[in-house]
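Each remark here refers to the structure printed beneath this line.
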Amino acid sequence: MGKAIAIFNQKGGVGKTTTNINLAACLAIKGKKILIIDIDPQGNTTSGVGISKRDLDVTTHEILVEDDQHPEDAVIATGIKNLDIMPASVQLAGAEVELIQLTGRDKRLKKAIDHLKPQYDYIFVDCPPSLGLLTINSLTAVDSVLIPIQCEFYALEGVSQLMSTIDIVKKNTNPDLEIQGVILSMFDGRTNLSIQVVEEVKKYFREKVYTTVIPRNVRLAEAPSHGMPVIQYDPKSAGAIAYMEFADEFLANEEEL
Ligand code: ADP
Ligand code: MG
């Protein structure tokens, strides 16, 4: 039985999508069966693995708002062995409004994920940078939350809101929700600021912070425009090496649990 993990931080641009694509690809290469679910209307995870958002029949949108869709119908294989995706389309932007009037509006993704779980080792959900029903659906559907934090001046800004969102979901729809871990991204070892941010985040989240830190690396920013995870685009880059290390640490932590 697989485990579902939401990649969540309501701040935009902190590395959620980059972590989703690259951690998932590295785990798939290591032999784990992985599904990534794109629930961000921007669809950056979808295009980032080389799938065109235009000619898709069934996407996360239909799975959320139509009662008679089979979750499998939205799942497609990527160019990487063991890595499947449930893609997003632009229609997903309307889902926040469409969901409001549907029954079980905060548990619709959970239904799909529970159905797909037996087929995968891990299911990762790439959350949008907002706290609406798409995010609530994600946090309600998963076992745990992986939090990327960018090494920048305002790194911890918004973290208390993030934690209170997790608490609200625990109280209402998902009492067993856990924090999988915190991954620091866009680290620049040449600046004192990056080093200070790492210290601060460790003070706040303690042992939840992964030892691996993802460096700022231009190959990570370039790879999506080629529709590839960095491990495919430039396997020798610092970004690829960091995400491979992160995948190892992620799996080692999982064995300890
Ligand atoms: P989010 O999904 O949280 O909005 P993204 O993963 O899309 O964040 O990252 C925001 C931008 O920063 C993207 O253009 C991405 O390519 C770039 N980026 C993310 N991580 C790195 C990194 N480690 N090094 C360089 N650029 C990065
Ligand atoms: Mg994103």
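Only the coordinates and a few stated rules stand behind these numbers; no lab work does. Source: prediction; values computed, not measured. Backbone-built Cβ (ideal geometry, glycine too); neighbour counts: all protein chains shown.
In table form, for the structure just shown:
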{"read-out": "Mean Cβ count within 10 Å, highest first, over the residues of peptides 20-32, 184-196", "value": "20-32, 184-196"}
{"read-out": "Anisotropy class of segment 182-223 from Cα gyration tensor, a/c 1.5 cut", "value": "oblate"}
{"read-out": "The chain: DSSP helices with Cα axial extent of at least 30 Å and average Kyte-Doolittle hydropathy no lower than -1.0", "value": "none"}
{"read-out": "Scattering curve values for segment 161-257, log₁₀ I(q)/I(0), Debye with Cα scatterers, q = 0.21, 0.23, 0.24 Å⁻¹", "value": "-1.11, -1.15, -1.18"}
{"read-out": "Surrounding net charge for Val90, when Lys and Arg each add one and Asp and Glu each subtract one, Cβ distance under 10 Å", "value": "+2"}
{"read-out": "Local net charge near Ile76, Cβ-Cβ under 15 Å (Lys/Arg +1, Asp/Glu -1)", "value": "-3"}
{"read-out": "Descending principal axes extents, segment 21-144, alpha-carbon based, whole Å", "value": "42, 30, 27"}
{"read-out": "Alpha-carbon radius of gyration plus Dmax, which is the widest Cα pair, for the chain in Å", "value": "17.1, 54"}
{"read-out": "Residue order, fewest to most surrounding Cβ atoms within 10 angstrom, among Phe246, Phe8", "value": "Phe246, Phe8"}
{"read-out": "Semi-axis lengths (Å, descending) of the ellipsoid that matches the C-alpha gyration tensor of segment 114-153", "value": "23, 14, 7"}
{"read-out": "Cβ-defined net charge surrounding Phe250, 12 Å radius [Lys, Arg +1; Asp, Glu -1]", "value": "-4"}
{"read-out": "Spatial separation of Cα centroids for segment 154-192 and segment 24-82, in angstrom", "value": "24 Å"}
{"read-out": "Set Lys170/Lys208; Lys16/Lys208; Lys107/Lys170; Lys33/Lys110 screened for pairs whose C-alpha atoms are more than 24 Å apart", "value": "none"}
{"read-out": "Segment 92-186 pair-distance distribution - Cα-Cα, 5 Å bins, rounded %", "value": "2, 12, 21, 25, 19, 13, 6, 2, 0"}
